[in-house]
1. Taking only protein heavy atoms into account and a 1.4 Å probe, give the accessible area per residue of the chain in Å².
2. Counting only other residues whose beta carbon sits under 12 Å from that of Met135, what net charge do I get with K and R as +1, D and E as -1?
3. Going by alpha carbons, how many degrees (0 to 90, nearest 10) lie between the helix axis of 10-22 and the longest principal axis of the chain?
4. So what's Rg/Rh here for the chain, counting alpha carbon atoms and using the Kirkwood radius for Rh?
5. Lys/Arg Cβ at +1, Asp/Glu Cβ at -1, dipole of region 1-58 taken about the Cα centre: which of Ala36, Asn23, Leu5 is farthest positive-ward?
6. Provide the percentage of antiparallel DSSP beta bridges, counting only those with both residues in the chain; round to the nearest 5.
7. Work out the length of the dipole vector of the chain about its Cα centre, built from +1 on the beta-carbon of each Lys and Arg and -1 on the beta-carbon of each Asp and Glu, and round it to the nearest 20 debye.
8. Calculate, for Val206 and Thr53, the FRET efficiency according to 1/(1 + (r/R0)^6) with r their C-beta to C-beta distance and R0 45 Å; round to the nearest 0.05.
Amino acid sequence: MQILLVEDNKSITKALTYNLEQNKYKVLSAETVAEAKELLKTEKIDLIILDITLPDGNGFDLYKEIKKVGISTIFLTARDDENDIVKGLELGAEDYVTKPFSTRELLARINKILLRNKKKNIVKIQDITCDLDKMCVYRGEEKLIFSSLELKILMLLFTNLNKVITREYIIEKIWDWTGNDVYDNTVTVYMKRIRQKLGSPIITTVKGVGYRIDEE
């Protein structure tokens, strides 16, 4: 399990990283919004511990982007104003911990969230099973083979069940992943390939908007 710690206080980062690693978690750290965004593009993150006040931006604004890809997030901050706590939870964060905090308590909250998420990380829709942790997709017992980009697009749909992923957002993500110019027709081509390889009608097209996979 890999945790991203977005915190500009080096002492907190050092201490928390040590404790998390002692509990067998892999830890990546970022001191700014910009650094966090770069890591989110390239790394598979299972949970984010996010400070609100950062040198180049606001943790709430960063979380709005994190929420699109469905990564569980705990706000960790010195700002204990009730309005901030309510805002963080209403935005959809898993938890909100104020400084100073008990490391043991934070670890207990992390363990609880990740255990709950682990149970959700095997998704079965009709005859298709997706292991989100291993990024593997099966039809029945057969493992399906996708290109790296096809798999990332499919994972985007599986991690946002019952939600429409717009064509514009897919174009944006492909650009993030590859750095190449992307056209609307590119999305059509990739979705056609993905559907052919799935061999199952689990992807719904929302005409003129995008695509979604619905839970049964």
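1. On the way: 11800 Å² over 216 residues.
Per residue, the chain has an accessible area of 55 Å².
2. +1
3. The answer is roughly 60 degrees.
4. Using Cα coordinates only, the ratio equals 0.99.
5. Checked the options; the winner is Asn23.
6. 50
7. That gives the chain a dipole magnitude of about 860 debye.
8. On the way: r = 38 Å, r/R0 = 0.84.
Taking R0 as 45 Å, the efficiency between Val206 and Thr53 is 0.75.
The values are calculated or read from the model by the stated rules, or taken from the named source; none is laboratory data. Computed from a predicted structure; not experimentally measured. All Cβ positions, glycine included, derive from the backbone under ideal geometry; neighbour counts span all protein chains shown. Accessible surface is based on the protein model in full, side chains and every heavy atom, while ligands, DNA and RNA are left aside. Shrake-Rupley method; radii C 1.70, N 1.55, O 1.52, S 1.80 Å.
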